[in-house]
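We did not get these values from a lab; they are worked out from the coordinates using the rules stated. Predicted model, so just to flag it, every value in this text is computed and none were measured. FYI the Cβ positions are ideal-geometry reconstructions off the backbone, even for glycines, and counts take in every protein chain you see.
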Ligand SMILES: *Cc1c(COP(=O)(O)O)cnc(C)c1O
């Protein structure tokens, strides 16, 4: 491929091969399309991969966050602290359970939750803290765990970006009381739609298994095995089950996860190096204790140094068929939050300043080295400061 390659380069995408397809077809030819043996097998393999005692499969990452909120026992009159630099679902999950998400500002270098801001926001109403492993870098769990221990709060990880990451050697998925993942196609592995919550607490896992099945304490397969029709609905639950079809895909994807993450890290390293020569385009900070999973590769566009702003760079990349993206509009700026909770501009200056400058460059396991080179070559071409020789 050349620099004039007309194929658009997308910011994210899935990698599905013949083994994945065969695994799905095998389920289609079996007796169980949903809630069969693949669910448990996937849950067990996933729990083992992230060093957790329990894994509960759910319909998607948002359902996983919702189940985590139910397990954390948040409800009316409870506050849940959520960093504002995230996808809205991280905060919406608290609203689903009648609780109030309290948005907090982030650290300027990493855009991860700032534990000082979290601590300031704790009140007697606070019931849980959500840590968002933004871009795939684990949050500052040591500090957040201490705050939660001191105030008797449940720590929930929105780890949707960070599957395959580690903190001081410990896998993401084992770092909080409840850890939520998504298997949407752009995430680090996919089941089409899908999600998971990991925990070391078997009681919380049971709450989530009941919650995902209408609040009913047995599933269809249990009853078939017992030869009984009787069941009771104990609590209000949802149909948030993940099917055997999805779980079969999850199993084959999970085997390839280490390779996917390795490829993401290679691409990130290539960008890091190339950006040394592009003034004003700065990657986010990566902490020494973190093994980054690089769901996203986010740069800040410093207009003064680069000679163009984020929106202009987005457009110029687009002109070259490179589809960058912006993650995220801070949650407190969304109309629903403004109208419902009275949030708005000025609330969280670090996140707001970052929001004007951030851009997600393409990163996913199917990007060819030539495509990565097309991105770096295009940046060198379209960023004025990279092309203007110093006086
Ligand atoms: C993808 C994502 C979600 C939601 O996951 P879905 O599977 O799309 O429901 C939640 N939080 C974050 C940070 C995400 O990136």
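Restricting attention to region 77-93, does a residue exist that is surrounded by fewer than 21 Cβ atoms within 10 Å (Cβ to Cβ), touching a residue at least 24 places away in the same chain (Cβ under 8 Å) and at positive phi?
Taking region 77-93 first, the residues surrounded by fewer than 21 Cβ atoms within 10 Å (Cβ to Cβ) are 77-78, 87-89, 92.
Subsequent filtering for residues that are touching a residue at least 24 places away in the same chain (Cβ under 8 Å) retains 77-78, 87-89, 92.
Of the ones still in play, those that are also at positive phi are 77.
Yes, that holds for at least one residue.
Sort out which residues of region 158-188 are near the ligand (Cβ under 10 Å from one of its atoms) and assigned to a strand (DSSP E or B), and write them in order of number.
The answer is 158, 180, 181, 182.
What pairs come out if I take residues in region 184-205 that are within 17 Å of residue 39 (Cα to Cα) and in contact (Cβ under 8 Å) with a residue 40 or more places away in the chain and pair them with residues that are more than 16 Å from the ligand (Cβ to nearest atom) and assigned to a loop (DSSP other than H, G, I, E, B) whose C-beta lies under 6 Å away, six or more apart or interchain?
198/50; 198/52
Considering each residue of region 194-240, count those that are part of a strand (DSSP E or B) and closer than 19 Å to residue 43 by Cα, and give that number. Spell out the reasoning first.
Initially, region 194-240 is screened for residues part of a strand (DSSP E or B), giving 195-199, 213, 216, 233, 239.
The next check asks that each one be closer than 19 Å to residue 43 by Cα; those that pass are 195-199, 213, 239.
Looking only at that region, the number is 7.
Filter region 88-122 for residues that are part of a helix (DSSP H, G or I) and out of contact with any strand residue (DSSP E or B) (no Cβ under 9 Å at 6 or more places or on another chain) and give the result. Break it down stepwise before answering.
Looking only at region 88-122, we keep the residues that are part of a helix (DSSP H, G or I), and these are 89-96, 115-121.
96, 115, 116, 119 - these are the residues of region 88-122 that are part of a helix (DSSP H, G or I) and out of contact with any strand residue (DSSP E or B) (no Cβ under 9 Å at 6 or more places or on another chain).
On the basis of being farther than 22 Å from residue 345 by Cβ and within 16 Å of the ligand (Cβ to nearest atom), does residue 119 make the cut? Give the steps one after another, and end with the answer.
Numbers: farther than 22 Å from residue 345 by Cβ: yes; within 16 Å of the ligand (Cβ to nearest atom): no.
The answer is no for residue 119.
Quick one: count up the residues across region 31-74 that are part of a loop (DSSP other than H, G, I, E, B) and either in contact (Cβ under 8 Å) with a residue 40 or more places away in the chain or within 17 Å of residue 157 (Cα to Cα) (or both).
13
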